[in-house]
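Below: the structure, in structure tokens.
The values are calculated or read from the model by the stated rules, or taken from the named source; none is laboratory data. Owing to the predicted nature of the structure, the values given are computational and were not obtained by experimental measurement. Every residue, glycine among them, receives a Cβ derived from its backbone with ideal geometry; neighbour counts consider all protein chains shown.
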Amino acid sequence: MSGPLRVMFLSAEAAPLVKVGGLGDVAGSLPGELRRLPEKPDVRVFLPYYPAVRSQVPNPEPTASFEIAHQDGSILGQAYRAVINQVPYYFIDGSPIGKSPGVYSGDNLLDGAKFAFFSLAAMELARILDWKPDLIHAHDWHASPAVYHLSRIKFTDDFFKETRSLLTVHNLPYLGEGAEKALAEFGLPPARHPALPDWTRGFPLVLGLSAADRINTVSPGYAGEMLTAEFGAGLEGFLRTRKDDLSGILNGLDLIDWDPMTDPALPNHYAADSLGIRQKNKLELQAEVGLQTNPETPLLAMINRMDAQKGVDLALDALRLLDGQDWQALILGTGDPALEAAARTLANDYPQVSSVLKYDGALARRIYGGSDIILIPSRYEPCGLTQMIGMRYGCVPVARATGGLKDTITDYRRNQVQGTGFLFDQATPTALADTIKRSLLVFKDKRRWRGLQRRGMKRDFSWGQSARKYISLYNEIAQRT
């Protein structure tokens, strides 16, 4: 390998162009941080040219046309180029991308065709550009077809014979089930690894997991959990055969975007050494959502997609176990109608609870900047940004000890000198309620509470940290023989 490391970065999302979940944050932030490292890797992002992207990048530079083989006849594709925040982007277009509405249609057969076409087209574009990637860094099931295709051609294709692959798993249970037929139509048969369960062999993420040179996920804790029956999505036996190739790197946080000193959504800006100002935000937040204004009443908050994975039901039940305690709670989110109804009922039963059942990004920021405690009772959490944002804003996390949550939060009970939050082990309302009570006792001691807040605010969750770990992993993979 000569010159800077060449990295093909394949993702279904990349903020700010298109973001549905945490994947968009990673693909929108990590490539730029990598390119700013002293090694100056040549990282280029490849993204489907969705209608949402067209509206934001209306006149990209036409770059290439090509054909992708399909059982019903070759499919014509086009590629376009633009530089966004100093990162080269290549946008892939073609009929499978145009046929599927939005980023994810909810129909994995339709999306399977879209993302198989995208993955194969990105590799064909690299060939046309005569840009030989040293590494294909694919994300989740949507880009896994590229990793699998590489494994099938590299020994006979001079162009890709030196290319290695890394597959990052952001959420293991999302295997791409239902896309098998679409992938087979693009010439991608089921995987043959003997340790794979038969029912998984055609799923796109499984194809990628079976073929990638290395696998990583978005926290060290989740990397270990993926090897267990509780979190392995039925693949734990197979993943244990690849445990030497599996690792975890924490996602980062955009410290410019998330900054209580400059956040335009906050009525009052503050820092770790001016937390007194933060109390003004709390009083204004209480008034905004119809709660009694009192700086001495601990304000608990939950900002979540209403989903069982996020443990919303655990939190709603746990709050009912806090009778006799002085507290308020603010719930923001939307999703499962049954959970929304339960949140509405809780607010009707308890006047100190406010449930705001919608998506409101600005209100979420005011909650981070004004509430005292952020509840994160996830049943599993590959990484999570909520706890990072909470700590950054002086909002102390109470969270389940799982995945990235246990990697980023130091439990106060176990380490008062370095504690930044409160962790519980069992996914039960009682365990969560007991941990909330523990946090409320500490809240009464303002000196100890300020120490918790300041330690959390000083934690470095920057993308620069993650980028340095990724470049080390990239180099390790690229140097394999």
**Request:** Among the residues of segment 268-294, write down those that are over 25 Å from Val356 (Cα atoms) and surrounded by 19 or more Cβ atoms within 10 Å (Cβ to Cβ).
**Result:** Tyr270
**Request:** Select from segment 197-215 the residues that are buried (at least 22 other Cβ atoms within 10 Å of the Cβ) and not in a helix (DSSP H, G or I) and list them in ascending order.
**Result:** Gly202, Phe203, Ala212, Ile215
**Asked** What is the one condition in (1) surrounded by fewer than 21 Cβ atoms within 10 Å (Cβ to Cβ); (2) closer than 23 Å to Thr63 by Cβ; (3) among the acidic types (Asp, Glu) that Asp134 does not satisfy?
**Response** (1)
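Quick one: is Arg447 of a type in the set (Lys, Arg), in contact with a helix residue (DSSP H, G or I) (Cβ under 8 Å, 6 or more places away or on another chain) and either part of a loop (DSSP other than H, G, I, E, B) or without any contact (Cβ under 8 Å) to a residue 24 or more places away in the chain (or both)?
When the stated conditions are applied, Arg447 does not pass them.
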**Prompt:** Which one of Ala179, Ala184 is closer than 26 Å to Lys99 by Cβ and surrounded by fewer than 17 Cβ atoms within 10 Å (Cβ to Cβ)?
**Reply:** Ala184
**Message:** Out of the residues in segment 65-116 meeting the condition of being in contact (Cβ under 8 Å) with a residue 60 or more places away in the chain and within 16 Å of Val45 (Cα to Cα), tell me which one is surrounded by the most Cβ atoms within 10 Å (Cβ to Cβ).
**Reply:** Phe115
**Prompt:** Would segment 149-164 turn up any residue that is within 20 Å of Phe9 (Cα to Cα), at pLDDT below 95, out of contact with any helix residue (DSSP H, G or I) (no Cβ under 7 Å at 6 or more places or on another chain) and crowded, with 16+ Cβ neighbours inside 10 Å?
**Reply:** yes
**Request:** Run down Asn294, Asn281 and say which single residue is at pLDDT 95 or above, assigned to a loop (DSSP other than H, G, I, E, B) and in contact with a helix residue (DSSP H, G or I) (Cβ under 8 Å, 6 or more places away or on another chain).
**Result:** Asn294
**Complete:** Flagged in segment 393-424 as of a type outside the set (A, V, I, L, M), over 12 Å from Arg438 (Cα atoms) and part of a loop (DSSP other than H, G, I, E, B), in numbering order, are Tyr393, Gly394, Cys395, Thr402, Thr410, Arg414, Asn415, Gln416, Gln418, Gly419, Thr420
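When you scan segment 237-256, do you find a residue that is part of a loop (DSSP other than H, G, I, E, B) and out of contact with any helix residue (DSSP H, G or I) (no Cβ under 9 Å at 6 or more places or on another chain), even just one? Lay out the reasoning, then the answer.
So in segment 237-256, the residues part of a loop (DSSP other than H, G, I, E, B) come out as 242, 249-252, 254-256.
This time we only want the ones that are out of contact with any helix residue (DSSP H, G or I) (no Cβ under 9 Å at 6 or more places or on another chain), so: 256.
Yes, some residue in segment 237-256 is part of a loop (DSSP other than H, G, I, E, B) and out of contact with any helix residue (DSSP H, G or I) (no Cβ under 9 Å at 6 or more places or on another chain).
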**Request:** Go through (1) modelled with pLDDT of 95 or more; (2) surrounded by fewer than 20 Cβ atoms within 10 Å (Cβ to Cβ); (3) within 24 Å of Ile277 (Cα to Cα) and name the single condition Ile303 misses.
**Result:** (2)
